[in-house]
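Here the structure comes first, spelled out in structure tokens, and everything after it is commentary.
Each reported figure results from applying straightforward, stated rules to the coordinates on display, with no laboratory input. Since this is a predicted model, take the numbers as computed values, not measurements. Neighbour counts are summed over all protein chains in view; Cβ atoms, including those assigned to glycine, are modelled from backbone coordinates with ideal geometry.
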Amino acid sequence: MSLNSKNKMEQLTDLKAILHSKRANIYYLEMCRVMQKGGRVLYLTEEKDEKQYWNIPIANTTCILLGTGTSITQAAVRMLASAGVLIGFSGGGGTPLIAASEVEWLSPQSEYRPTEYIQGWMKFWFDDEKRLQVAKQFQQQRISYLQKVWSKDRDLKAEGFNVSDNNIQQALNNFSAKIEHCHDVTNLLVIEAQLTKSLYKIAANLTKQTDFVRQHDSVDNANAFLNHGNYLAYGLAASTLWVLGIPHGFAVMHGKTRRGALVFDVADLIKDTLILPWAFICAKEGATEQEFRQQCLQNFTQHKALDFMFDTVKQMSQIKWGEQKA
């Protein structure tokens, strides 16, 4: 092995010292240039009288969203890829350039990602009944996470988002009861949409926004914050799946309706819990996009969203189907 190759391997080892589930940073950048300089990844902003460089701690970063007016050098992409950082291109505020299109992720390539999880995933994925069972477990995990977070988060409880609330309890109980009676994924998607619609209504009432209607292309703050927060969740989900070596196409719910659908399945684990309520709260308080984004990142860290995503996907991929039948 040459000296340069050895140095590159040592650098790659150093960059991956922090597990993805423990990384703290998600970056959304606008009107800047991302580059490599002096062995670091920086972004450059140009003011009227000066240029300013800001360091990106790539070893502690899960993903970077590049919004309007951004560019990135090949050297920077190489370093980000070596650190396992996902790169996404989006429109303003983290939403896509074209409303019908998802953020286009550039997944870092590696021949050394684990194989055990994709092998476990494949053991059930080609069986419709087993795939449905995993989809149901995803939804039950989603409810459990919401109940856990909303029962202990003081800020959410202060705003009325408390699992002891009758309306919230009824919505969750109805959804949980209907899950086991679903005979196909289409039916599961229908009742999942009903749950989210119920939570929208509850959140709108709690924050006095009773005229709210969910529209992805709407310009009101609640809808814009929901779009923005959801794409942050997609970044976490994409990062989780890349680290575990599971391709995005092997979805358990959204496979027939969305490209890269497993990202949406995994993101749904946390969206209703951490994004939905704060989109309405921040809209009520007149928060800026930056303030809302910071709130989302704080929520991800405080409630260990990445840990939860990793644990759930790993658990689903390691089900012992033969033992269950026995």
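Put a dot 7 Å past the Cα of residue 311, heading toward its Cβ, do the same for residue 140, and the two dots end up 1.6 nm apart.
Around residue 138, under 10 Å between beta carbons, what's the net of Lys plus Arg minus Asp minus Glu among the other residues?
Numbers: positive: 136, 142; negative: 192, 265, 268.
Counting the neighbours of residue 138, the net charge comes to -1.
When you restrict to C-alpha pairs under 8 Å that are six or more residues apart and normalise by the size of the range 116-325, the relative contact order lands at 28 percent. Remark on the range 169-232: hydrodynamic radius 13.2 angstrom, per the Kirkwood mean of 1/r across alpha carbon pairs.
Between residue 170 and residue 123, the simple spin-label model (points 7 angstrom out along Cα→Cβ) gives 4.3 nm. Summing charges over all other residues whose Cβ lies under 14 Å from the Cβ of residue 191, with Lys and Arg as +1 and Asp and Glu as -1, gives -1. Averaged over residues, the count of other Cβ atoms within 10 Å places the peptides 158-165, 141-148 in the sequence 141-148, 158-165, highest first.
Computed from phi, the 3J(HN,Hα) profile of the range 235-247 under the Karplus parametrisation 6.51, -1.76, 1.60 (θ = phi - 60°) reads x, 5, 5, 4, 5, 4, 5, 5, 4, 7, x, 10, x Hz, with x in place of Gly and Pro. For the pair residue 74 and residue 44 in one chain, pulling the backbone fully straight at 0.36 nm per residue adds 9.3 nm over the alpha carbon distance. Averaging the Cα positions of each part gives two centres, and for the range 121-179 and the range 186-235 these lie 16 Å apart.
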